[in-house]
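Input: a single structure, listed below in structure tokens.
The values are calculated or read from the model by the stated rules, or taken from the named source; none is laboratory data. Keep in mind the model is a prediction, meaning the values are calculated, not measured. Don't worry about glycine lacking a Cβ; one is built from the backbone with ideal geometry, like all the others, and counts go over all protein chains shown.
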Amino acid sequence: MSSENPSKKTSPFERPTDDDLRGRLTDLQYQVTQQEGTERPFQNEFWDEKRDGLYVDVVSGEPLFSSRDKFDSGTGWPSFTRPVDPAHIVERKDNKLFMERIEVRSKNGDSHLGHLFPDGPAPTGLRYCINSASLRFIPRESLEAEGYGEYLELFE
């Protein structure tokens, strides 16, 4: 008999083993997501991406940000005003670099994504400053095929 609780809903987004991550992530992706690294501004994959689509955690696949909430912050990193589902984001105090910041991590993947700042545009006034290396971009036209069809309504 199974000891699992059938009423307990589990997330389809899970954190792979470290060996699996080392095998499938680039060195930069591993450094950013697993060792809290930061990529170079203006020299990363998504800072100037303009297509409609969904940004997901490169580790777990959790849906994180919509291109509709992306804006040009002038910092050289992808910046967003809000996550698509706050339940997939964890915010923690970060006192490294002799300043207090708020680190942003994915909930299930526990990936370091970037930082949250209170200097964004309306409507939230927030700036989620996120490393491209922590993200995988799924263009709008591929959402259904990649299993994210429920997010198509964000782009209607």
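How many of the residues in the range 39-58 are in contact with a Ser or Thr (Cβ under 7 Å, 6 or more places away or on another chain) and either within 15 Å of ASN131 (Cβ to Cβ) or not in a loop (DSSP other than H, G, I, E, B) (or both)?
10
Please tell me if ASP69 is buried (at least 19 other Cβ atoms within 10 Å of the Cβ), over 12 Å from the mean Cα position of the chain (by Cα) and acidic (Asp, Glu).
When the stated conditions are applied, ASP69 passes them.
Identify, please: which residue in the range 79-89 is of a type in the set (A, V, I, L, M, F, W, C) and surrounded by 15 or more Cβ atoms within 10 Å (Cβ to Cβ) and is, among those, farthest from GLU14 (Cα to Cα)?
Ranking the candidates gives PHE80 first.
Scan the range 22-36 for residues that are at pLDDT below 95 and either closer than 20 Å to LEU152 by Cβ or in a loop (DSSP other than H, G, I, E, B) (or both) and jot them down.
Residue satisfying the conditions is GLU36 alone.
Does VAL90 qualify as being in contact (Cβ under 8 Å) with a residue 12 or more places away in the chain, assigned to a loop (DSSP other than H, G, I, E, B) and of a type in the set (A, V, I, L, M, F, W, C)?
The answer is no for VAL90.
Could you please let me know if GLU103 is surrounded by fewer than 20 Cβ atoms within 10 Å (Cβ to Cβ), in a loop (DSSP other than H, G, I, E, B) and modelled with pLDDT of 95 or more?
Answer is no for this residue.
Taking the range 117-137 as the search range and keeping residues that are under 12 Å from the mean Cα position of the chain (by Cα) and of a type in the set (A, V, I, L, M), which one is surrounded by the fewest Cβ atoms within 10 Å (Cβ to Cβ)?
The qualifying residue surrounded by the fewest Cβ atoms within 10 Å (Cβ to Cβ) is ALA133.
Go through (1) surrounded by fewer than 19 Cβ atoms within 10 Å (Cβ to Cβ); (2) assigned to a strand (DSSP E or B); (3) on the phi > 0 side of the Ramachandran plot and name the single condition GLY114 misses.
With respect to (1) surrounded by fewer than 19 Cβ atoms within 10 Å (Cβ to Cβ); (2) assigned to a strand (DSSP E or B); (3) on the phi > 0 side of the Ramachandran plot, GLY114 is out only on (1).
Report yes if VAL90 is of a type in the set (Val, Ile, Thr), touching a Cys at 6+ places or on another chain (Cβ under 9 Å) and modelled with pLDDT of 95 or more, otherwise no.
Answer is no for this residue.
Could you identify the single residue in GLY74, GLY125, GLY61 that is closer than 20 Å to GLU14 by Cα, in a loop (DSSP other than H, G, I, E, B) and either among the β-branched types (Val, Ile, Thr) or out of contact with any Cys (no Cβ under 8 Å at 6 or more places or on another chain) (or both)?
Sole residue among the options that is closer than 20 Å to GLU14 by Cα, in a loop (DSSP other than H, G, I, E, B) and either among the β-branched types (Val, Ile, Thr) or out of contact with any Cys (no Cβ under 8 Å at 6 or more places or on another chain) (or both): GLY61.
Working only within the range 68-86, note down all residues that are closer than 17 Å to LEU54 by Cα and in contact with a Lys or Arg (Cβ under 7 Å, 6 or more places away or on another chain).
Once the filter is applied, which keeps residues that are closer than 17 Å to LEU54 by Cα and in contact with a Lys or Arg (Cβ under 7 Å, 6 or more places away or on another chain), the range 68-86 yields ASP69, PRO78, SER79, PHE80.
Identify all residues within the range 127-141 that are closer than 21 Å to PHE155 by Cα and touching a helix residue (DSSP H, G or I) at 6+ places or on another chain (Cβ under 7 Å); write none if there are none.
Across the range 127-141, the qualifying residue is only ARG140.
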